[in-house]
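Asker: Mind having a look at this structure? Questions to follow.
The values are calculated or read from the model by the stated rules, or taken from the named source; none is laboratory data. Just so you know, these numbers come straight off a predicted model, no measurement behind them. With ideal geometry, Cβ positions are generated from the backbone for all residues, glycine too; neighbour counts draw on all protein chains shown.
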Amino acid sequence: MARSLDILGVRVDDVTYDEAIALIVGWIDDARRGAGGPHVVTTPNPEFVMAARRDPAFCALLHRAALNIPDGVGLLLAARLLGGRLREHVRGTDLVERLARSAADRGDRWFLLGAAPGVARAAADRLLARYPGLQIAGAEPGSPRPEDDGRVRALVAAAGRVDLLLIAYGAPTQEAWLDRNLGPLRIPVGIGVGGVFNFLSGRAPRAPLWARRLELEWLHRLVTQPWRWRRQLALPQFLALAAWAAVRRSRITNAPGPH
Ligand code: UDP
């Protein structure tokens, strides 16, 4: 398993794209051999960390998850401030694209669950156009409400074998759904992907490559989806907390010894 860092109380795994893909593919292969259980993969960013600090159940769920990829450049910055290092910024959208390429070669079957009506289907169609060998078992909005779990599980189960389930209900709802339902469905891997179906389907524009290279995706999202400003306040709050934790840590490290 990968090395992990504790970022303000949340476990973030120091994986690269290649390592994350190797882990996920390995879990799917284990399941084909009849071994291993369900694996919840999450895509934490500073909003996740701030939410987990307010919500102990979400925090516990992230600690139980099989893999928490470092999505969100704020996490890499905070790691530096706290004296650690996350080697790569693993973006959920790019991880899904790379996984799709590998799944197309391997013949893996995916189910896309969540987002507004029609969006998961549109995202699936775009993926199929780009990665023709990929098998999509289903693409449905479903419902994140616990009282609908039975109905949604029946919908997914009716689609036959599913190796990987991508779910877009926003955090922490999508992670809670995976925690409740992945095991009973006997699906080896589920990834909470947030707005990824909106990007894949073209409903929301992705930041241009230059903005991604400069790690300014958060700014592009704020400009193109200004209603998110309140949610994005989590980013400066998170960085302020990380800076404060770094100062406290250095005070502890530099504290004079006994005379
Ligand atoms: N969503 C949904 N049902 C809900 C709440 C959210 O289908 O009850 C979808 C929403 O349409 C969007 C995704 O969940 O596609 C969450 O996207 P968001 O932008 O919040 O995720 P982020 O990328 O910020 O993690």
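Asker: For a quick check of your reading of the model, give me the residue pairs whose first member lies in the stretch 204-224 and is assigned to a loop (DSSP other than H, G, I, E, B), whose second is β-branched (Val, Ile, Thr) and at pLDDT 90 or above, with beta-carbon atoms closer than 9 Å and at least 6 apart or on different chains.
Answerer: Ala204/Thr224; Pro205/Thr224; Arg206/Thr93; Ala207/Thr224; Glu215/Val73; Leu216/Val73
Asker: Right, another one. Does at least one position in the stretch 122-138 carry a residue that is at pLDDT 95 or above, touching a Gly at 6+ places or on another chain (Cβ under 7 Å) and not in a helix (DSSP H, G or I)?
Answerer: Looking through the stretch 122-138, at least one residue is at pLDDT 95 or above, touching a Gly at 6+ places or on another chain (Cβ under 7 Å) and not in a helix (DSSP H, G or I).
Asker: Before we move on, is Pro144 within 11 Å of the ligand (Cβ to nearest atom) and not in a helix (DSSP H, G or I)? Write out each step before concluding.
Answerer: Numbers: within 11 Å of the ligand (Cβ to nearest atom): yes; not in a helix (DSSP H, G or I): yes.
Yes: the conditions hold for Pro144.
Asker: Does the stretch 113-130 hold any residues that are away from the ligand (no atom under 15 Å from the Cβ), surrounded by fewer than 18 Cβ atoms within 10 Å (Cβ to Cβ) and not small (Gly, Ala, Ser), and which are they? Give the steps one after another, and end with the answer.
Answerer: Going residue by residue through the stretch 113-130, those that are away from the ligand (no atom under 15 Å from the Cβ) are 125, 127-130.
Pick out the ones that are also surrounded by fewer than 18 Cβ atoms within 10 Å (Cβ to Cβ) and you get 125, 128-130.
Across the stretch 113-130, the qualifying residues are Asp125, Leu128, Arg130.
One line per residue, one yes/no per condition, for (1) at pLDDT 95 or above; (2) within 16 Å of the ligand (Cβ to nearest atom); (3) within 16 Å of Val189 (Cβ to Cβ):
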| residue | (1), (2), (3) |
| --- | --- |
| Asp6 | yes, no, no |
| His39 | yes, no, yes |
| Thr43 | yes, yes, yes |
| Gly72 | no, yes, no |
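Asker: Report, by residue number, each residue of the stretch 168-203 that is within 11 Å of the ligand (Cβ to nearest atom), closer than 15 Å to Trp110 by Cβ and either assigned to a loop (DSSP other than H, G, I, E, B) or in contact with an Asp or Glu (Cβ under 6 Å, 6 or more places away or on another chain) (or both). Break it down into steps so the answer makes sense when it comes.
Answerer: Here is the first cut: in the stretch 168-203, the ones within 11 Å of the ligand (Cβ to nearest atom) are 168-175, 177, 192-201, 203.
From the residues that got through so far, the ones that are closer than 15 Å to Trp110 by Cβ too are 168, 192-193, 196-197, 200-201.
Within the stretch 168-203, Gly192, Val193, Ser201 meet the criteria.
Asker: Considering the stretch 224-259 alone, what residues qualify as being surrounded by fewer than 11 Cβ atoms within 10 Å (Cβ to Cβ) and within 16 Å of the ligand (Cβ to nearest atom)?
Answerer: Correct list: Pro226, Trp227, Trp229, Arg230.
Asker: Please verify whether the stretch 82-89 includes one or more residues that are of a type in the set (D, E, K, R) and within 13 Å of the ligand (Cβ to nearest atom). Outline the logic, then answer.
Answerer: Residues of the stretch 82-89 that are of a type in the set (D, E, K, R), as a first pass: 85, 87-88.
Among the residues that remain, those that are also within 13 Å of the ligand (Cβ to nearest atom) are: none.
No, the stretch 82-89 has no match at all.
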